[in-house]
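Below is one structure; the comments refer to it alone.
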Amino acid sequence: MEKVIEIQHLSKSFGTHEVLTDIDFSVNKGEVVSIIGSSGSGKSTLLRCVNLLEKPTGGQIIYNGENILDDHHDHNEYRIKLGMVFQQFNLFNNHDVLGNCVIGQTKVLKRTKAEAEKIALKYLNVVGMDQYIHAKPRHLSGGQKQRVAIARALSMEPDVMLFDEPTSALDPEMVGEVLTIMKELAESGLTMLIVTHEMEFAKDVSDRVVFMDQGIIAEEGTPEQIFNHPKEVRTREFLRRTL
Ligand code: ADP
Ligand code: MG
């Protein structure tokens, strides 16, 4: 299987506090990997290290056969290959829906405005937001904002999409519309790395599940292994508290 990203011995400390310890895992092309675990276990920090929003303290991130943490490596080139969807949407409030999906394409990818709009419309259609292209984010519901944020990330046509609890900031009635889109994306063959508290979703959609506990990967396996036959006591305890 072709690996899109391979993490080796990754560690991250904030001052003397080690938050991630010796993390090893990879994401294969077309695979959906979910990261689950208690609050504070290091899930967001791991995603932020993967896309270099945080600088890892140690280890390697192998992408296209190269360690992108090597000093000479062009981090921008790597970063634009990763789409990121945040809990808090992080839309540009002064731009309308279409503008949000165009700006990265024209500024970073140097696409023409016409080309960028065409691509944006394609992905706004995928998330069911093509009827709202001239709306400002403040006029959208949380679920709609998150769908625009997903379309914005997809418009950059990344190699892998990273999601950090994309439904945690949503009112309960809006969680479903976002998970439905994510499930469709997963089934379309998109490579996805998803931090989520939605256990049913993780069970249903993931090829592989990574359980984190206190900064380490405590257990990793298929949804069947992790949810139905967890080996580790702490996985069982986490699932008992969560399910
Ligand atoms: P999770 O996403 O699993 O809830 P986080 O990755 O947000 O966990 O946090 C893991 C640990 O790292 C927590 O103890 C948190 O307080 C700490 N942490 C996260 N970001 C920072 C930061 N910028 N500075 C200091 N400590 C941080
Ligand atoms: Mg988090």
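Nothing in this text is a laboratory measurement; each read-out follows from the coordinates by a stated rule. All of these numbers come straight from a predicted model, not from anything done at the bench. Cβ sites come from the backbone with ideal geometry, for glycine too, and all protein chains shown count toward neighbours.
Is region 76-202 best put as rounded, prolate or oblate by its Cα gyration tensor, with a ≥ b ≥ c the root eigenvalues, rounded for a/c under 1.5, and otherwise prolate when a/b is larger than b/c, oblate when not? Please report the intermediate quantities before stating the final value.
Working: a/c = 1.75, a/b = 1.26, b/c = 1.39.
Oblate, because a/c is 1.5 or more while a/b does not exceed b/c.
Applying 1/(1 + (r/R0)^6) with R0 = 30 Å to the Cβ-Cβ distance of residue 122 and residue 236, what FRET efficiency is obtained, to the nearest 0.05?
Details: r = 44 Å, r/R0 = 1.45.
With a Förster radius of 30 Å, E is 0.10.
Dipole size in debye (nearest 20) for region 61-145 around its Cα centre, Lys and Arg Cβ +1, Asp and Glu Cβ -1? Walk me through the numbers before you get to the answer.
Numbers: 11 positive and 9 negative charges, 100 e Å.
In debye, rounded to 20, region 61-145 gives about 480.
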At the level of C-alpha centres, the distance separating region 1-51 and region 149-191, in angstrom, is 19
Burial order of peptide ranges 33-42, 137-146 (average beta-carbon count within 10 Å, highest first)
33-42, 137-146
Positive-end residue, the chain charge dipole about Cα centroid, Cβ charges, pick of 51, 188, 94
94
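Determine, for 61, 194, 80, 133, the number of other Cβ atoms within 10 Å of each Cβ, and report the residues in order from fewest to most. Kindly include the intermediate steps, with their values, before the conclusion.
Working: 61 21, 194 25, 80 15, 133 18.
If I rank by nearby Cβ atoms, fewest first, I get 80, 133, 61, 194.
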Hz values of 3J(HN,Hα) by residue in region 232-243 - Karplus curve (6.51, -1.76, 1.60), Gly and Pro given as x
8, 4, 5, 5, 4, 5, 4, 5, 5, 6, 8, 7
How big is the charge dipole of region 1-97 about its Cα centre, in debye rounded to the nearest 20, if each Lys and Arg gets +1 on its Cβ and each Asp and Glu gets -1 on its Cβ?
300
Restricting to Cα pairs below 8 Å that are 6+ residues apart, what does the relative contact order work out to for region 42-195? Please round to a whole percent.
28
Mind listing the long-range amide H neighbours of residue 219? Cut-off is under 5 Å, sequence gap 5 or more, other chains count too, H placed in the peptide plane at 1.01 Å from N.
211
Let me spell out the model: positive unit charges on the Cβ of Lys and Arg, negative unit charges on the Cβ of Asp and Glu, origin at the Cα centre of the chain. What dipole size does that give, in debye rounded to 20?
740
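Just the number: Rg to Rh for the chain, Cα atoms, Kirkwood Rh, two decimals. Please report the intermediate quantities before stating the final value.
Numbers: Rg = 17.9 Å, Rh = 18.5 Å.
Ratio value, two decimals: 0.97.
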